Amino acid sequence: MLLDSTADALEMQRRVWQRIGPEGRVRMAIEMSEEARRVTLAGIEAQYPGITPDEARRILIERCYGVDPFNPPPGR
C-alpha cells in the first residue's frame, strides 16, 4: 500500500479519529458533504450566470445522481 503520510502523521490522525469517536466522524462527514454541495452550487452559478436557485439545484442533483429529477428515465 502506498502512503503519502509519515508514520507520525498517521498516528496523530488515528488518535484524532479515536478522540472524536463515531459521532464526531459522522458529523465531520456530514459537514464535508454539505461543503461539497455548497462549492458545487457555487461552481454551477459561476458557470451559468443568472441561473435561478431551482435550476441550479436541478443541475446539482443531475450531476450528483446522473439523472434529471424532473425527467426520470423511462420505466421509472
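Coordinate-derived values only; no laboratory data. No experiment lies behind these values; they were computed from the predicted model shown. Positions of Cβ are backbone-derived with ideal geometry, glycine not excepted, and every protein chain shown enters the neighbour counts.
Tabulated data for the structure shown
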quantity	calculated
Ser5 paired with Gln47, simple spin-label distance in nm, labels 7 Å along Cα-to-beta-carbon	3.1
Dipole axis of segment 21-76 (+1 Lys, Arg; -1 Asp, Glu on Cβ), positive-most option in Gly21, Ile51, Phe70	Gly21
With Cα atoms, 0 to 90° folded angle of helix 7-47 axis to the chain main axis	20
Contact order relative to length of the chain, as percent, for alpha carbon pairs under 8 angstrom and 6 or more apart	15
The chain: chymotrypsin sites (Phe, Trp or Tyr not before Pro) in DSSP coil with no more than 16 other Cβ atoms inside 10 Å	Phe70
